[in-house]
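First the structure, in the form of structure tokens, and then the observations on it.
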Amino acid sequence: MTVTLDVNAPVAESSTRRALADISLSVAKCKKIVVVTGAGISCSCGIPDFRSSDGLYALVKEQYPDVVMKGRDLFDASLFRDQTSTSVFYSFISQLKRSIDSASPAPTHEFIKRLDNRHKLLRSYTQNIDGLEEKAGLICSSTQGTDLNIKGKSKLWADEVRNIQLHGDIRRVRCTFCSVDLPCTEEHIRMFEKGVPPDCPECTSRSEARIARSARALKVGSLRPAIVLYDEAHPMGDDIGKIQSQDIARKPDLLIVMGTSLKVHGLKKLVKEFAKAVHATAPSPTGSPKRAKRWQGKVVFVNKTPPGSEWSDVIDYHIMGEIDQWIEKVTEDWRRIRPSDWEIQQTLDDDGNFKIAKNKGKSKQKPPGAENASPSGGIPFPSIIIKPGLSAPSSPSKRRQSISHYCDLDSSPRKRRDVAKTYDKASKCLLFVDATNSIPQMEDGFATDPFGSPFKHPGRRPRTRTMSTEMDIKRPRANSTTLRKKRVEIAVKS
Ligand SMILES: [Zn+2]
């Protein structure tokens, strides 16, 4: 039975708030999340959806009142049988492509990317053709360079592609004859605007090469948008099926379906299969409640309109309201439940190195750079990541970027605590330096970081470095004393 939750529920509605908090906990805890999305997630980017009153179908009718055509017919494979409908289709696609080009990813796209950054995303499947997932940083099934058809590479492809575009990508074109797949350029768009499809460059060059050697010319195909229309097979359908089977076998623990009316047959099937696999991971009602991972095994549907009755045994929660609003709430809860994930995020975004950050979180070591925390100002001194055995950030710009992570003290309670703990150590380090007054290069505020770059540094440095410097400095002192003694002895002798 589907439970409906209003994302705008008043605070007094404690049961709804509790259920929403439980779903946030699932997002924070689950590790193999499958996300399925539709046009609803891109609405806030200014891209119209298909079925609503101001959606694409309604827009088509408004723009082409003389053409007797239902909106849906414009996205049906049969449109290519008629020249007028083909021209209207090309012209309309060119307009849609232009509005997509100027759109930026919504918070929902960023959220999916964040799940992937944390290695929590098993896979994202989308009906959308706008490619905004790629703009958000996810490798998509249509991304340049991914190729399903290379033998023996399918495993690599499956691992790397994070977002499967079930209905293709409007930012690409495909030849109707040789099926070559190319990026959709401005030149193509100008041709589509006129309702004329461009010739395929691959077919053209093959044919011209034959003509040059006096052979018969070959047929030249035309380019069409690389999107999948109704009643049309996906050119990568078999491979997508294999990937879906692999994902089901990996036992996904949470399914989030967002911004789709769940009307398309293929998508219905996909969602039901994933839901079955996800429910199989739910804690057993007869098992020990202590061991039960109560956050596992949920199917969550986020959409303005409710799902039909056929979904009552499939969908556990229908979250009613704006998707971006729910994303904001989940993100806020997730930050609170697992602040360490957000430290990882910051480091990952800045350095692009997930492993370093993750190991630190798990081993509960001091945060990198904590040795350099300011004892007085309350804000730690900017530092590069310093940890024996780890490689140095490769460029000055990366070192500079890592500063922001530790300056952001308000971002998590744990971070504030960790930094506070290190103040004492930093103070001791500073005292030690002042008392011995034995590190001349620190007096002018410069020190050399362990990776050899000169770095503005008001008298503090990592402890290990301080100790080794102390030895370096003491040795010449001892030597000079010995030398002085020797000189005195010589003088006495003489
Ligand atoms: Zn071709």
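FYI, it's all coordinate maths here, none of it is from the lab. Values in this document were obtained by computation on a predicted structure and should not be read as measured data. Glycine also receives a Cβ, built like all others from the backbone with ideal geometry; neighbour counts cover every protein chain displayed.
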Legend entry - Footprinting exposure proxy for Lys97, Lys70 (fewest neighbouring C-beta atoms within 10 Å first): Lys70, Lys97
Legend entry - Euclidean distance of C-alpha centroids, the range 26-45 and the range 201-221, integer Å: 46 Å
Legend entry - Zone of Ala280's modelled label, taken as backbone nitrogen in the range 242-259 under 16 Å from a point 7 Å along Cα→Cβ: 242-255
Inset, instruction - Compute the length gained on full extension between Lys242 and Asp66: take 0.36 nm times their separation in residues and subtract their Cα-Cα distance, giving the result in nm to one decimal. - result: 59.0 nm
Inset, instruction - Figure the gain on full extension for Ala249 and Ala212 (residue separation times 0.36 nm, minus the Cα-Cα span) and round it to one decimal in nm. - result: 8.0 nm
Inset, instruction - Determine the gain in length on full extension of the stretch Gln83-Lys272; use 0.36 nm per residue of separation and subtract their C-alpha separation, reporting nm with one decimal. - result: 64.2 nm
Inset, instruction - Can you check what the net charge comes to around Arg224, using other residues whose Cβ is under 13 Å from the Cβ of Arg224 (Lys, Arg +1; Asp, Glu -1)? - result: -1
Inset, instruction - Step through the table entries Lys251/Lys298; Lys29/Lys298; Lys120/Lys268, compare each Cα-Cα distance with 20 Å, and write down the pairs that go over it. - result: Lys120/Lys268
